[in-house]
Amino acid sequence: MEKPLKKPAWIKVKLNTNENFAQLKKLVREQQLNTVCVEAACPNIYECWSAGTATFMILGDTCTRSCGFCNVKTGSSDWVDPDEPRRVAESILKMKVKYAVITSVNRDELYHGGAEIFAETVKEIRRLSPHCQLELLIPDFKGCEESLNIVSESKPEVIAHNIETVKRLTPDVRPQANYERSLEVIKNIGRLGIVSKSAVMGGLGETFEEIVSTMEDLRAVDCKVFNVGQYLQPSTKHLPVKRWVHPDEFKEIEKIGKTLGFSHVESGPLVRSSYHAEKISGILADS
């Protein structure tokens, strides 16, 4: 077994379990909701929840796919709760969220991959919190344009789809996904007139040049927002960390991203797909 790399000093998570964090945790539990913050063991959960923000994960907690980096359970499920959109919307109202991110596991066995539940969730949130801006972090829906159309017709402000890693590593990191298919999804988001977003993890064995190449590929399909952070191994069953990306490299990536023309770039060791998602509000105001 490969010996884990020792974490560097810059990989630190500030624990901040204040009263607001406790209230949000209680609310999520009472509403029987899943959050990617918990299921994916996100290092920023304390910061985000204590600030009153969270990323909700719909369509259950079991994913059809078996990506090598992800801490979400893998398996098959027939679980669909038609009341879930209402419960998510009511939680967002109680939390007074101004910018919410809604994501899901992959449900490849469902017709349209669960796109209708995404759309219904947006509808319910709009009904209860009409001023809340919404970002949907979607799977690739196996490239089904009809599924993407269903989601886009609900009119979220942003649709994100994470390409996750560089082209060379995609077969190992995302065995049921496809690099070109993800680019096509992002391209189609832009064609539908919605702000597109994607994210990459560093430290899985890619080179700096490959990250830049991936950024160039994303800009070629008019991706507007880009996030990149350090991959953290959730358990010994997951892919190992191959290298710790230095903060200076993240700064350089951010600089290159702005040069390439991304409207917004978040780049740093603890950055995740939905980290500081609310900063996109400025972009939306200008679009």
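The values are calculated or read from the model by the stated rules, or taken from the named source; none is laboratory data. Model, not experiment: these values are computed from the prediction. Every residue, glycine among them, receives a Cβ derived from its backbone with ideal geometry; neighbour counts consider all protein chains shown.
Numbers at a glance
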| item | result |
| --- | --- |
| Matching residues, the range 189-242, being acidic (Asp, Glu) and on the phi < 0 side of the Ramachandran plot | Glu206, Glu209, Glu210, Glu216, Asp217 |
| Test result for Met201, surrounded by 15 or more Cβ atoms within 10 Å (Cβ to Cβ) and touching a residue at least 60 places away in the same chain (Cβ under 8 Å) | yes |
| Hits in the range 221-274 (condition: surrounded by 15 or more Cβ atoms within 10 Å (Cβ to Cβ) and of a type in the set (Ser, Thr, Tyr)) | Tyr231, Ser263, Ser267, Ser273, Ser274 |
| Given (1) out of contact with any helix residue (DSSP H, G or I) (no Cβ under 9 Å at 6 or more places or on another chain); (2) charged (D, E, K, R); (3) in contact (Cβ under 8 Å) with a residue 60 or more places away in the chain, number of the condition Lys94 does not satisfy | (1) |
| Pro82, sole failed condition from (1) part of a loop (DSSP other than H, G, I, E, B); (2) modelled with pLDDT under 85 | (2) |
| Leu27, sole failed condition from (1) outside any loop (DSSP other than H, G, I, E, B); (2) modelled with pLDDT under 85; (3) surrounded by 17 or more Cβ atoms within 10 Å (Cβ to Cβ); (4) not acidic (Asp, Glu) | (3) |
| Residue within the range 90-110 that is of a type in the set (Asp, Glu), under 26 Å from Glu184 (Cβ atoms), assigned to a helix (DSSP H, G or I) and out of contact with any His (no Cβ under 7 Å at 6 or more places or on another chain) present | no |
